Amino acid sequence: MKHEYDVIVFGGGTAGTVAAIQAGRIGASTLLVEKNGILGGTMTLGGINAPAHFFAWGKQIIGGIGWELVRRTLEETGCPIPAPRPTQGPQDRQNMYAVTMDRGIYAALCDEAAIQAGVDLLFHAMPAAIAYQENGWTVTICTKTGLRKLRAKVLIDATGDANAVHLAGFEVVHPDVVQPATLQMYCSGYDPSTIDFDALRVAEKQAISTGELKSTDVGWYDNGPATFLHNHGSNANHLQAPHAETSDGKTIAELEARKAVLRMHRFFRKQPGLENFRVDWICSEAGIRETVTIKGKQTISVQDYEAGKTYEDAVCNAFYPIDEHLNDGKGINYRDLKPNTLPTIPRGALLPEGSRFLIVAGRCVSSDREANSGLRVACSCMAMGQAAGVMAALSAQSGVDPNALPLKDVLATLREQGAVVPEDDSTSAP
């Protein structure tokens, strides 16, 4: 490791990995700091290895490094490479599908791409203090063997929780209620076709009444465990996770997640047809959907998101329905986007208000809660990460704040790097 970098990226998840690779590829000396021991974030640690969506309305709307990594993963594992398909109707979601891939191979390819881009990687570390001084950032990083001070020209906060923004002293927005988390798992040892789900529903209601079980242990909608069992537990539970942007809050969320697993396991093994029920694996972290957002120089509203507004400073596309998981265990506030609607993300939503040489990428982008429920997904975060990586590198090399960079230069560089930028979204990326 060096003592000074052009760019330091905090968070090696969906957005941060792409941001670091991008900054490195266009010549910026870059350090990527990740609190865990693997890149990929929600797609690896969280077990949601189905990024959505690279395609919409019969065309590719997000490309670049994120798509490259996913495509290479599919190639390595002998899986077909999807391509845009024409839509058949106004809500033909089948043609705007998520791409499922191998988590382990994806993580290894992220490592490889980062190293080939000249990125320095530091796992098992996180920011402890951040201050702008002497025309640059001084950061203190907590490592397993103590604190380490480094300097950087530009910082990217891709923690998902705006941790670096908070440490730097800029405002973050704390919603009164946040979406529940999910602990991804896979369960087996039973045949769903042999289970009497009506009887199981009766047993579940009884267990809930006695406190043996919570409805959210086995589902999202308080409608019984049928979906949970048919999906073998995949992305099928809910747990409240307030303040998960903090270590205290995240600790409580992880403990509650495993309590839910234990309740579910004990309940199922007492039911007919589920005597041999087992949990084959659980992820090491609960998947967090929402914590805080930054107060940005612009804020994306749900009205603009659902209208598909193309901002004057749009740097990338986004695409996903409104998908707010309800904290009361009663399901999801879900709305499809109208036909041919394609939201965009403005540069100002990636820049904390009042900041200099600080960029955000990922789910804590400046947005209201309903807009954020669509923006938080993997493909949109990848697109934000690539835009952040370009801006950070150009800013470090020129000494010009990201907010003042000529937008045409940002978009031209993104285009050169294979990204789909809003003005080009009528064509398919390679």
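The values are calculated or read from the model by the stated rules, or taken from the named source; none is laboratory data. Because the structure is predicted, anything quoted here is derived from the model rather than measured. Heads up, the Cβs are rebuilt from the backbone with ideal geometry, glycines too, and the neighbour counts pull from every protein chain shown. All accessible areas refer to the heavy atoms of the entire protein, side chains included, with ligands and DNA or RNA removed. Shrake-Rupley method; radii C 1.70, N 1.55, O 1.52, S 1.80 Å.
Which whole-number percentage describes the relative contact order of region 362-429, with Cα contacts under 8 Å and a sequence gap of 6 or more? Mind dumping the intermediate values first?
Working: 41 pairs, mean separation 14.8, N = 68.
With pairs under 8 Å counted, the relative contact order is 22 percent.
What percent does the relative contact order of the chain come to when contacts are Cα pairs within less than 8 Å and at least six residues apart?
Values: 1003 pairs, mean separation 97.5, N = 430.
After rounding, I find 23 percent.
Please list the non-local residues whose amide H lies under 5 Å from the amide H of Cys316, H modeled 1.01 Å from N, same-chain partners needing a gap of 5 or more.
Answer set, sorted by chain and number: Ile345.
Would you mind checking the pairs Lys59/Lys295; Lys144/Lys295; Lys295/Lys338; Lys35/Lys295; Lys2/Lys153; Lys35/Lys297 and listing those with alpha carbons more than 22 angstrom apart?
Working: Lys59/Lys295 32 Å; Lys144/Lys295 32 Å; Lys295/Lys338 28 Å; Lys35/Lys295 24 Å; Lys2/Lys153 13 Å; Lys35/Lys297 28 Å.
The pairs that break the limit, which is 22 Å between Cα atoms, are Lys59/Lys295; Lys144/Lys295; Lys295/Lys338; Lys35/Lys295; Lys35/Lys297.
If I histogram all Cα-Cα distances within the chain using bins 10 Å wide from 0, what percent of pairs lands in each bin?
Percent of Cα pairs in each bin: 5, 22, 31, 25, 12, 4, 1.
Would you mind telling me which residue in Ala383, Ala181, Ala162 has the biggest mean-square fluctuation in a Gaussian network model of the chain, where springs connect alpha carbons within a distance under 10 angstrom?
Of the options given, Ala181 has the highest mean-square fluctuation.
Students often check this: by mean Cβ neighbours within 10 Å, which of 319-329, 166-176 ranks highest, and how do the rest follow? Each step should come with its number before you reach the end.
On the way: 319-329: 19.0, 166-176: 16.2.
Highest mean packing first, the order is 319-329, 166-176.
State the volume of the convex hull built on the alpha-carbon positions of region 283-349, expressed per residue in Å³ and rounded to an integer.
Working: hull volume 9.1 nm³, N = 67.
Spread over its residues, the Cα hull of region 283-349 gives 136 Å³ apiece.
Starting from 0.36 nm per residue, how many nanometres of slack lie between Val400 and Arg201 once their C-alpha separation is accounted for?
65.5 nm
Subtracting the Cα-Cα distance from 0.36 nm times the residue separation, let me have the gained length for Glu134 to Tyr221 in nm, one decimal. Spell out each step's value before the answer.
Numbers: separation 87, 0.36 × 87 = 31.32 nm, distance 5.33 nm.
Gain on stretching Glu134 to Tyr221: 26.0 nm.
In sequence order, what are the phi-derived ³J(HN,Hα) couplings for region 327-337 according to the Karplus relation 6.51 cos²θ - 1.76 cosθ + 1.60 with θ = phi - 60°, rounded to whole Hz, with x for glycine and proline?
Once rounded to whole Hz, the list reads 6, 8, x, 9, x, 9, 7, 10, 9, 5, 6.
Does region 337-421 come out rounded, prolate or oblate, given a ≥ b ≥ c as the square roots of the eigenvalues of its C-alpha gyration tensor, rounded meaning a/c under 1.5 and, failing that, prolate meaning a/b above b/c?
Details: a/c = 2.21, a/b = 1.42, b/c = 1.56.
Because a/c hits 1.5 or more and a/b fails to exceed b/c, region 337-421 counts as oblate.
Residue by residue through region 197-214, what is 3J(HN,Hα) from phi via Karplus (6.51 cos²θ - 1.76 cosθ + 1.60, θ = phi - 60°)? Round to whole Hz and write x for glycine and proline.
Along region 197-214, the couplings run 6, 5, 5, 5, 5, 4, 5, 5, 4, 5, 5, 5, 5, 8, x, 6, 8, 10 Hz.
Mind listing the long-range amide H neighbours of Ile300? Cut-off is under 5 Å, sequence gap 5 or more, other chains count too, H placed in the peptide plane at 1.01 Å from N.
Ser367, Asp368
Please express the shape of region 202-262 as an equivalent ellipsoid: the semi-axes are the square roots of 5 times the eigenvalues of the C-alpha gyration tensor, given largest first in whole angstrom.
Working: eigenvalues 106, 36, 15 Å².
Semi-axes (√(5λ), whole Å): 23, 13, 9.
Can you show me the helix-derived [θ] at 222 nm for the chain, built from DSSP H runs with n ≥ 4 at -39,500 (n - 2.57) apiece and divided by the number of residues, rounded to the nearest 500. The partial results should precede the final answer.
Working: 11 runs with 129 residues, N = 430.
Rounded to the nearest 500, the figure is -9500 deg cm²/dmol.
Looking at Pro51, Ser367, Tyr190, which one has the Cα that reaches farthest to the positive end of the dipole of the chain (charges on Cβ: Lys, Arg +1; Asp, Glu -1)?
Tyr190
Where does each of Tyr132, Tyr311 land when they are ordered by accessible area, with a 1.4 Å probe and the largest first?
Working: Tyr132 80, Tyr311 20 Å².
The most accessible residue leads, giving Tyr132, Tyr311.
Largest first and in whole Å, what are the equivalent-ellipsoid semi-axes of region 97-226 based on the Cα gyration tensor, each being the root of 5 times an eigenvalue?
On the way: eigenvalues 401, 98, 35 Å².
Listed largest to smallest, the semi-axes of region 97-226 are 45, 22, 13 Å.
Using only Cα atoms, what is the ratio of the radius of gyration of region 249-317 to 2.2 N^0.38 Å?
Rg over 2.2 N^0.38 Å, computed on Cα atoms: 1.90.
Using 0.36 nm per residue of separation minus the Cα-Cα distance, give me the extension gain between Gln303 and Leu262 in nm, one decimal. The partial results should precede the final answer.
Values: separation 41, 0.36 × 41 = 14.76 nm, distance 4.13 nm.
Fully extending the segment from Gln303 to Leu262 adds 10.6 nm.
Taking only protein heavy atoms into account and a 1.4 Å probe, give the accessible area per residue of the chain in Å².
40
In region 4-92, what is the volume of the convex hull around the alpha carbon atoms, normalised per residue and reported in Å³? Please list the in-between numbers first.
Values: hull volume 10.9 nm³, N = 89.
Residue-normalised Cα hull volume stands at 123 Å³.
Could you work out the percent of alpha carbon pairs in region 1-151 separated by over 27 Å, rounded to a whole number?
Values: 3599 of 11325 pairs.
Cα-Cα pairs of region 1-151 separated by over 27 Å account for 32 percent.
Which whole-number percent gives the relative contact order of region 32-150, counting Cα pairs below 8 Å spaced six or more residues apart? Working shown, then result.
On the way: 165 pairs, mean separation 36.4, N = 119.
So the answer I get is 31 percent.
How many percent of the accessible area of region 279-401 is carbon or sulfur, using a 1.4 Å probe? Provide the component values of the computation, followed by the final result.
Numbers: 1720 of 3730 Å².
C and S fraction of accessible area: 46 percent.
Quote the convex hull volume per residue of region 162-298, based on C-alpha atoms, as a whole number of Å³.
Value for region 162-298: 116 Å³ per residue.
Rounded to two decimals, what is Rg over Rh for region 120-195 when you use alpha-carbon atoms and the Kirkwood radius? Could you put the intermediate results ahead of the total?
Numbers: Rg = 19.8 Å, Rh = 16.0 Å.
Reported Rg/Rh (Cα atoms, Kirkwood Rh): 1.24.
Where in region 100-127 does the amide nitrogen come within less than 12 Å of the point 7 Å from the Cα of Met1, taken along Cα to Cβ?
What the label zone holds, given the 12 Å backbone N cut-off, is 120-127.
How would you order 117-123, 397-403, 77-83 from highest to lowest mean count of nearby Cβ atoms within 10 Å?
On the way: 117-123: 18.4, 397-403: 15.3, 77-83: 10.6.
Top of the packing list down: 117-123, 397-403, 77-83.
Which whole-Hz couplings ³J(HN,Hα) result when phi for each residue of region 272-286 is put into the Karplus expression 6.51 cos²θ - 1.76 cosθ + 1.60, θ = phi - 60°, listed in order with x for Gly and Pro?
For region 272-286, the Karplus curve yields x, x, 10, 4, 9, 3, 9, 9, 6, 7, 10, 6, 6, 9, 6 Hz.
Anyone know which of Thr145, Thr251, Thr14 comes out most mobile in the 10 Å Cα GNM of the chain?
Thr145
Please compute the modelled spin-label separation between His174 and Leu147, points set 7 Å along Cα→Cβ, answer in nm with one decimal.
In this crude label model, Leu147 to His174 measures out at 2.4 nm.
Excluding residues on the same chain fewer than 8 positions from Lys270, give the aspartates and glutamates whose Cα lies under 14 Å from its Cα.
Cα-Cα hits under 14 Å: Asp196, Glu204, Glu212.
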